Amino acid sequence: MPHEALGESPAQRNSIVESWMGIYNKVVRLTPKLVGLLLCISFGSLGEAFAADSVPKANPLDQALSLMETLRATKLTAPKPFGDTEGDYFEAMVRGEVPVDAAFCERIKLTEVTDGLLPALNQPLTGWSQSGRTPTTGGDLPACRLFALRGQLLCKQGKIAEGQTWLLKPRLMARRPGGDQSLIQHLVAIVMESIGQETAARYIETWSEADRLAYIKSAEALQPMGSFHAAVRLEKDALPKKDSVRTLLLEYKSLNPAQQQDRFNSIFGMGSHSPASGEPGDKLFRPRMTALISSLSVESWDLLHDRISAELEPLNLEKMQAFTSRNAAALKFVEAEEAKPTAPSVQKAEALYRVLMGPGIIGVARSRWDLELKGKLLIIAMQKGWTFDQTCLANLANSNGTQLKLGNDDGDTAIIVPGRHDETFLIIGPRR
């Protein structure tokens, strides 16, 4: 990426990345793992698309993001257990932690805002900004949460059929074209689908059988989501052409060492903050990325993406475990190379690629696996209603291979990933 997209100084660049992480975390309550994934798969190439106050809100998606920023900036009269801003209150309603507040929805003009967002359902998933510097997915996720809140409001008013229509809109957003054009686009689509799944799952014990069956019929009519494997293969083309790795490779070896470093810095100039590994203090990104570029050709760069994608097709637990093992072996190889450097080679390039890109790839693969499992469980639970029990989870494991069990989350029925600290997989308890 050009250095001006990321700020002129390391402090400015770090501030941009941290604000980007903060926006995503606040908008969708991402786990730390997913925040790291979003950073990892972007190679640190995000910037002004999320400095939202400096950009005019020209379309409904931008306006949705602006609304969320306003809510996050507005303090509640008194702090609550869920937070101290109206943004926290909004998110608590979407997550089912507090009842839907009809007066709040009217004040933020929820009906008008969501009506205005409907054209986005017929548009491709947003990609790179006109400047060609940053992904512009900032408004998609707030739009999904606004759709979900409108669905919940309608359900509270007893308008279940209409409410279901709006609860399905985040899932329709996830299925727009473009969700398999890069790993970051695919992960955003996964998060949008999760919003739709998790919001609907809260009604499993409260909707009538007829309402549950109606939801199943609508959910099963949804077209498939974009392909994870296509996203991996197309990741090589994710950046605009002028800033792509392929373009850099064509230029790099014709430059002298000083020019190479300047060109590298213009694209990946992130100071000591290295989002490629998801570790804010990781200083290894620069030398490893330099070594990768030095070891690659355009042909080997393309082949790497195709071969790595094939390793996870079809996506299953065995292939994910094998991929993780290869990544671990690659890290040992790279560390040994760093202790005693050798000449560039195809083997070295693949090992570096796995170290830099492997965590993001396997992370998105696991997220996609869990997403599909949640989708299956949502259908089963909608069929069973109150009769859903532990037998419905027989032989079902999450992406880490852990057998799921029935438990609770703050008193609500939930499907749990057992462990030292049980992790909630899907809440299927009643709306408050």
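Near the amide H of Asp409, under 5 Å away, which other amide H atoms are found, from residues 5 or more places off or on another chain, if H is placed in the peptide plane?
Ala414
What ranking do 149-157, 412-420 get when scored by the average of other Cβ atoms within 10 Å per residue, highest first?
Final packing ranking: 149-157, 412-420.
HN-Hα J couplings of region 329-338 from phi, Karplus 6.51/-1.76/1.60, θ = phi - 60°, integer Hz, Gly and Pro as x?
With the stated coefficients, region 329-338 comes to 5, 5, 5, 4, 4, 5, 5, 5, 5, 5 Hz.
Label-point separation (nm) for Ala221 and Lys241, each offset 7 Å from Cα along Cα-to-Cβ?
Placing both labels 7 Å beyond Cα along the Cβ direction yields 4.2 nm.
Residue farthest toward the positive end of the dipole of region 346-432, with Cβ of Lys/Arg at +1 and Asp/Glu at -1: which of Ile379, Val364, Gln403?
Val364
Between their Cα atoms, which of Lys80/Lys159; Lys242/Lys340; Lys159/Lys405 are more than 31 Å away from each other?
From the list (Lys80/Lys159; Lys242/Lys340; Lys159/Lys405), the Cα-Cα distance tops 31 Å for Lys242/Lys340; Lys159/Lys405.
Quick one: dipole size for region 279-432, taken about the Cα centre, charges +1 on Lys/Arg Cβ and -1 on Asp/Glu Cβ, in debye to the nearest 20.
100 debye
Step through the residues of region 360-373 one at a time and calculate ³J(HN,Hα) from phi using the Karplus curve (6.51 cos²θ - 1.76 cosθ + 1.60, θ = phi - 60°), rounding each to whole Hz and writing x for Gly and Pro.
Karplus values, whole Hz, x for Gly and Pro: x, 5, 5, x, 5, 4, 5, 4, 5, 4, 5, 4, 5, 5.
Between Thr85 and residues 5 or more places away or on another chain, which pairs have amide H atoms under 5 Å apart, with H built 1.01 Å from N, and which residues are they?
Leu76
What's the ranking of 327-338, 235-246 by average number of surrounding C-beta atoms within 10 Å, highest first?
Most protected by this proxy first, the peptides run 235-246, 327-338.
What residues from region 141-166 fall in the zone where the backbone N is under 16 Å from a label point 7 Å along the Cα-to-C-beta line of Ala210?
Of the residues in region 141-166, 158-164 have backbone N under 16 Å from the label point off Ala210.
Give me the three principal axis extents of region 237-367 from the C-alpha atoms, as integers in angstrom, largest value leading.
45, 32, 28
Using θ = phi - 60° and the Karplus form 6.51 cos²θ - 1.76 cosθ + 1.60, what ³J(HN,Hα) does each residue of region 298-306 get, whole Hz, x for Gly and Pro?
4, 5, 5, 4, 5, 5, 4, 4, 5
None of the figures in this text is laboratory data; all of them are computed from the coordinates on show. All values derive from a computational prediction rather than experimental measurement. Every residue, glycine among them, receives a Cβ derived from its backbone with ideal geometry; neighbour counts consider all protein chains shown.
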